[in-house]
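What follows is a set of notes on a single structure, which appears directly below.
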């Protein structure tokens with residue numbers, strides 16, 4: 001059994017270069033428990049998953065000491081930490097990216113679409129962490145393209161957004177489609193389209209062809225009106241709507257999510273979880289704003305209480 005350094009928490013990217021090899025192994029183990037696969041870590045460094053497994057055991061290269069591998073691994077982990085914001089972003093008031101129940105639901109849906117080449121959709125209220133979870137999955141797994149949609153997107157815009165990370169360059173939408181499919185057929189792939197409620201049926205049909213031609217999975221994430229639009233369109237677009245094989249609905253944050261997130265900034269949250277949950281109404285976005293405002297008050301000497309949580313929540317609410 002592998003035994004590595006036990007880190008208390010995931011450090012910032014800036015600390016990676018100064019770590020010992022043992023600490024680095026402990027970090028690989030730690031972040032792999034937070035949704036980042038070891039295969040993704042290895043491939044980000046330009047190596048295979050088996051190479052990383054050997055290095056973790058100390059058997060890679062002669063005597064387990066390969067400086068080239070270690071340097072590549074350090075750089076890869078730095079990039080992963082920066083992209084995932086594991087240590088949070090206090091300057092902009094952002095929670096560390098942790099796996100809440102909402103994130104776990106989206107990870108489950110994404111994994112099914114990714115591995116089985118399915119078309120799926122996840123819907124839920126705004127502000128619950130769907131986008132964060134989608135970005136986390138894309139930042140933690142190979143062969144994933146994440147695209148946020150927009151109400152101003154044309155077919156060419158959407159195809160270009162999918163093609164860009166795949167390094168596909170073409171002038172027409174059709175040539176972009178062909179180039180995208182050529183790239184995606186080489187591995188198990190997934191395209192995540194976020195804010196899918198902005199997509200028209202024509203755009204949805206265009207993306208559907210990627211699934212037909214390449215076998216890549218497609219996951220559409222949006223608000224409930226996206227599902228409503230599909231349900232209403234089923235009679236006229238049955239060939240399109242019936243392609244969806246997976247649907248998942250996410251709801252509000254639960255108590256365990258609140259405790260997980262708030263405790264990263266306010267350790268004294270124990271005993272006040274229900275007040276935080278009631279104050280934020282299950283919204284990760286409001287909880288984040290509430291937490292960072294309360295953190296400033298706590299650091300200034302205020303003590304947590306149901307009253308201060310309620311008053312602060314009311315002060316940061318606009319509607």
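We did not get these values from a lab; they are worked out from the coordinates using the rules stated. Here the structure is a predicted model, which means the values were calculated and not measured. FYI the Cβ positions are ideal-geometry reconstructions off the backbone, even for glycines, and counts take in every protein chain you see.
Which residues, taken from the stretch 13-61, are assigned to a loop (DSSP other than H, G, I, E, B) and either under 21 Å from residue 139 (Cβ atoms) or touching a strand residue (DSSP E or B) at 6+ places or on another chain (Cβ under 9 Å) (or both)?
Passing the criteria: 19, 33, 34, 35, 36, 37, 45, 46, 47, 48.
State yes or no: is residue 122 under 23 Å from residue 208 (Cα atoms) and either over 11 Å from the mean Cα position of the chain (by Cα) or not in a loop (DSSP other than H, G, I, E, B) (or both)?
Yes: the conditions hold for residue 122.
A quick yes/no check of all residues on (1) within 24 Å of the chain's Cα centre (by Cα); (2) touching a residue at least 24 places away in the same chain (Cβ under 8 Å):
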| residue | (1), (2) |
| --- | --- |
| 234 | no, no |
| 259 | yes, no |
| 266 | yes, yes |
| 273 | no, no |
| 280 | yes, yes |
| 283 | yes, yes |
| 291 | yes, yes |
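Exactly one condition in (1) buried (at least 21 other Cβ atoms within 10 Å of the Cβ); (2) within 24 Å of the chain's Cα centre (by Cα); (3) over 21 Å from residue 246 (Cβ atoms) is false for residue 165; which is it?
Of (1) buried (at least 21 other Cβ atoms within 10 Å of the Cβ); (2) within 24 Å of the chain's Cα centre (by Cα); (3) over 21 Å from residue 246 (Cβ atoms), only one is false for residue 165: (1).
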